1. Let me know the charge dipole size of the chain about its Cα centre in debye, to the nearest 20, where only the beta-carbon of Lys, Arg (+1) and Asp, Glu (-1) is charged.
2. Please tell me the relative contact order of region 3-89 in percent, rounded to the nearest whole number, where contacts are Cα pairs under 8 Å and at least six residues apart.
3. Relative contact order for the chain: what is it in percent, counting Cα pairs under 8 Å that are at least 6 residues apart?
4. Give me the base-10 log of I(q)/I(0) for region 15-118 at each q in 0.15, 0.20, 0.23 Å⁻¹, Debye formula, one uniform scatterer per Cα, rounded to two decimals.
5. Determine, for each peptide in 95-101, 181-187, the mean count of other beta carbons within 10 angstrom over its residues, then list the peptides with the highest first.
6. What share of Cα pairs, in percent, lie more than 20 angstrom apart in region 149-239?
7. Once Rh for the chain is found with the Kirkwood sum over Cα pairs, what is the Stokes-Einstein diffusion coefficient at 25 °C and 0.890 mPa s, in µm²/s?
8. How big is the shadow of the Cα convex hull of region 90-202, averaged over all directions, in nm²?
Amino acid sequence: MKKGKKLYEGKAKILYAAPEKGTAIQHFKDNATAFNNQKKTIIEGKGILNNRISEHILSNLNQIGIETHLIKRINMREQLIKIVEIIPVEFIVRNIATGSLTKRLGIEDGTVLDKPLIEFCYKNDELNDPLIAKEHITAFKWAEENEINWIKDQCLRINDFMQGMFKGIGIKLVDFKLEFGRLNQGEVRRIILADEISPDTCRLWDASSEKKLDKDRFRKDLGNLLEAYQEVARRLNILHEETNIKPVEFGKLRSIKNRK
Ligand code: TMP
Ligand code: ASP
């Protein structure tokens with residue numbers, strides 16, 4: 001598929017115009033960043049794994065009636081998506097307390113929550129994606145009250161589905177981040193799930209050892225990030241020859257520090 005002009009470049013992905021109106025090509029880069037770009041590296045093959053894992057999860061969600069921006073994966077690093085106007089809110093769903101939640105409130109790391117907790121962050125790198133209340137979302141007209149309620153319902157449905165999917169392969173879904181966007185097709189205006197769902201945007205712990213199988217391996221300098229992502233893909237049964245990522249031996253991860 002012929003790539004058009006670059007529409008947007010983020011920390012881990014690039015969007016290019018696609019031939020058909022209203023669609024774009026989402027390209028997954030190998031860049032790993034944390035703490036709002038303060039820490040960065042390149043991990044060869046990460047983009048390929050995220051493309052494949054995100055395609056798997058989003059197409060499963062499409063199948064259970066949760067509309068997403070994904071049309072189809074087109075190659076190892078790219079997928080065709082519907083263009084949406086992103087709502088500038090990150091919706092964080094948590095099943096187990098860890099990360100910024102435990103730091104912020106002094107809660108013990110690993111505390112299992114009685115029911116999923118949904119938090120809102122304003123999507124703004126300059127401000128470090130601050131935590132906000134529902135009232136900020138309506139006050140600044142990022143979304144209406146009924147839209148927020150609908151998105152929260154979607155978040156819970158997605159959480160239910162993903163928790164079950166990961167439980168079946170011996171992984172605890174600790175928390176994750178979702179982004180939603182507005183699809184404007186003439187008179188039709190709908191909110192759909194956008195962005196990606198991958199080990200970059202989820203916390204995934206092995207169910208028995210609690211080994212981290214997500215981007216915390218990079219955030220916390222635990223090493224072997226690629227092996228962890230490969231392990232997730234392998235358990236999801238989607239790690240095929242086609243991805244062309246050679247299994248990396250323990251400790252032989254090729255990462256080039258501080259290259260953008
Ligand atoms: P946090 O504990 O750092 O707030 O992260 C909660 C979840 O959201 C975790 O699964 C990682 C994900 N996340 C992102 O995908 N992007 C972000 O920019 C941040 C801060 C978190
Ligand atoms: N995605 C954010 C960053 O790139 C934060 C994170 O995931 O930890 O800096």
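1. Working: 46 positive and 38 negative charges, 191 e Å.
Here the chain has a charge dipole of around 920 debye.
2. 24 percent
3. Working: 476 pairs, mean separation 50.6, N = 260.
Relative CO of the chain lands at 19 percent.
4. Each listed q corresponds, in turn, to -0.88, -1.19, -1.23.
5. Averaged packing, sorted descending, gives the order 95-101, 181-187.
6. When every Cα pair of region 149-239 is considered, 42 percent fall beyond 20 Å.
7. Roughly 129 µm²/s, to the nearest whole number.
8. If I average the Cα hull's projected area over directions, I get 8.4 nm².
Any read-out appearing in this document is the output of simple, stated calculations on the displayed coordinates, not a laboratory observation. This one's a predicted model, so the numbers in the text were calculated from it and none came from an experiment. Virtual Cβ from ideal backbone geometry, glycine too; neighbours counted across all protein chains shown.
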